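Notes to accompany the following structure.
Values in this text are rule-based calculations from the coordinates and carry no lab data. Bear in mind the structure is a predicted one, so any value in this text is a computation, not a measurement. Cβ sites come from the backbone with ideal geometry, for glycine too, and all protein chains shown count toward neighbours.
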Amino acid sequence: MTSSGESMLPARPSLSILIPTAFVASLWCYIAFNLIYRHILGQRTNRLPYPPGPLSPNLLLGHYGKVPMKKPWFDYMEMGKTYGELIYFRTLWDNILVINSAEATYEIMEKQARITSDRPFGNALDRFTNWDQNTALSVYSEAWRRTRRTFHQNFRSEAAVKFHPVQVEKIHKFLKSLIELSESPCSDKQTHSDQLVNYISTLSQGIMIKSVYGIEIQSATNEALPKAAREFADLVEESLLPGGSTYRSIPFVHLWAWLAPSMLSKFARVQRNTKETWNMVRGEPFKEAMKALKSGNHSSLVGELISQNEVRGGSAEEVDRIKNMGSTAVSAAADTTASATTTFYIALILYPEVQSKAQEELDKVLGPGRIPSFKDRKHLPYVEAIYREVMRWHPALPIGFPHKSTEDIIYKGYLIPKGTLIHANIWAITHNPDQYTSPEKFIPERYLNKDGSFNEKYVNINTIDAYGYGRRVCVGRHVADDTLWLTMASILATMNVSRVCEDESEVLDIEKYYTDAALCHPHTIPGCKVEPRLSKNELEMMLDQGKDEY
């Protein structure tokens, strides 16, 4: 009887089931309470409303998993027709704001830069779990915060001239590669496009890697360091989009990724790959620079800074900042300058009249047998206008780098709460038809006066929206500015770029040649060929005479 009575008693759950169940239930209660308080009850206590935006599809998760992630600048530009210059939405704990207008960008990100220039990476949970040592975003953010002062000191306008010799050397080497490329066969089926993209990547990374570390690279696609820099940029780029890093605000997200990697496959992939890639970009070239320094070679920026640090007593913290500065500079150069240069080629094949007009100006100013140099820049307004139009027509970062507010902001009767992630839709700003006539077209003349001179209101580099805003404006913009201008001027002076295809009357949809994420760069150039404007011997003589520049 006892045995039968015992068999009728309900089985007691084991501790191995009760503890995880209680933990998960408590966690979800905590999440629900915080979300309801922050986004519902908290809003009711505020006198002012949040900016307008699409209705939240989920009470707790908000727009989590519902925000556009492929070329979202187009989506936000379209949303602007409904909601206006500000678009607000939330995902989990994050308040997110996308700004579609130049006016609002200036008022929020420039005039209030003191409180809108924080970086949105890293939080208390990250520090508790040591997550900031294992993700691309936090690693990048930590490097950025700790090296910004070093960046400003070594990449400001006055300091950028020290990069000129390397820029000239590498651009001339690039032109020699184009001469060789022009001798390869080219037809409707076989163009110079793929090899040209490789040469452009090698140029952009080669300048920065040699300037910073004194290391020569021959191919961006075949060597470990430039490949790692490119891979690191790929790892972080989607997370730079609005809502792209929201998964990081899930409590104990590292634990979920470990227990159930299929639930957070993208997260797990980033965690698995980033540390190794970052260590490659940060550590290996620094070791090479140190070897050169010990042998007496102080030519690199890293070598110069380490020497100065040793004279001051050899601070380990300063060495760490120098390491981070170098790796961050190389990672940034992996995409931005290459993207603009490739966009320049696309513009030339679509608008051959622009190329012809620029070459007329160059021939008139330079005369026969001379390649452009930095001292010619102020005498070449049309070439300058082409560079500015490239930066407007297809910016490398169409949605910009995210900022984070450190205080509440009131703008036109709306509350932008403290901690909001703020994105400027650079694409919407540079394609506003009220400011730019026919913004989808490549028209360098928009930067010129009626007499052909360059419009003075665009002289300041800070008028180039592609470089960002406020205190988080691109600190390497002066070096990038010099590199891009001289590259474009040199190509126009020495080469003819033309389109190769079966039907040249075909209208190209150029967006299919660009990637979809935050760093929007062309993955190829539609049927393209390059031909020297002069004979091979004449061009080589021009380049030899230009060696005095480096």
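Sort the following peptides by mean Cβ neighbour count (other Cβ atoms within 10 Å, averaged over residues), highest first: 523-532, 198-207.
198-207, 523-532
Please tell me the relative contact order of segment 427-486 in percent, rounded to the nearest whole number, where contacts are Cα pairs under 8 Å and at least six residues apart.
So the answer I get is 16 percent.
In terms of modelled amide H atoms, which long-range or inter-chain residues lie less than 5 Å from the amide H of E407?
G419
Can you flag which of K66/K323; K70/K210; K357/K529; K111/K357 are past 27 Å Cα-Cα?
Pairs exceeding 27 Å: K66/K323; K70/K210; K111/K357.
Let me check the size of segment 425-550 from its C-alpha atoms; what are the radius of gyration and Dmax in Å?
According to the Cα coordinates of segment 425-550, Rg and Dmax are 18.1, 49 Å.
Can you give the net charge of the other residues whose Cβ lies under 11 Å from the Cβ of Q435, counting K and R as +1 and D and E as -1?
Once positives and negatives cancel, what remains is -1.
Using 0.36 nm per residue, how much length does the chain from N460 to C501 gain when fully extended, once their Cα-Cα distance is taken away?
That works out to 10.8 nm of additional length.
What's the local net charge at Y382, with K and R +1, D and E -1, over the other residues with C-beta under 13 Å away?
Net charge around Y382: -3.
Under a Cβ-Cβ cut-off of 14 Å, what is the net charge of the residues other than L175 that fall near it, where Lys and Arg count +1 and Asp and Glu count -1?
Spelling it out: positives minus negatives among the neighbours equals -1.
Please report the projected area of segment 506-550's Cα convex hull averaged over all directions, in nm².
So the Cα hull casts an average projection of 5.9 nm².
Please list, in order along segment 81-98, the HN-Hα scalar couplings obtained from phi with the Karplus expression 6.51 cos²θ - 1.76 cosθ + 1.60 (θ = phi - 60°), rounded to whole Hz, x for Gly and Pro.
Karplus-based 3J(HN,Hα) across segment 81-98 equals 5, 9, 9, x, 6, 10, 10, 10, 7, 9, 9, 6, 8, 8, 8, 10, 10, 10 Hz.
Which residues among segment 447-469 fall inside the zone where the amide N is under 20 Å from a point 7 Å beyond the Cα of S356, along Cα→Cβ?
Residues 452 fall inside that zone.
Can you give me the orientation-averaged projected area of the convex hull built on the Cα atoms of segment 387-457, in nm²?
With every direction weighted equally, the projected area is 6.5 nm².
Sort 105-112, 214-221 for me by packing, meaning the mean count of neighbouring Cβ atoms within 10 Å per residue, highest on top.
Descending packing order for the listed peptides: 105-112, 214-221.
Say R0 is 22 Å: what FRET efficiency, to the nearest 0.05, do D363 and E538 get from their beta-carbon distance?
Computed FRET efficiency for D363 and E538 comes out at 0.95.
Can you tell me the relative contact order of segment 416-545? Whole percent, Cα pairs under 8 Å, sequence separation 6 or more.
16
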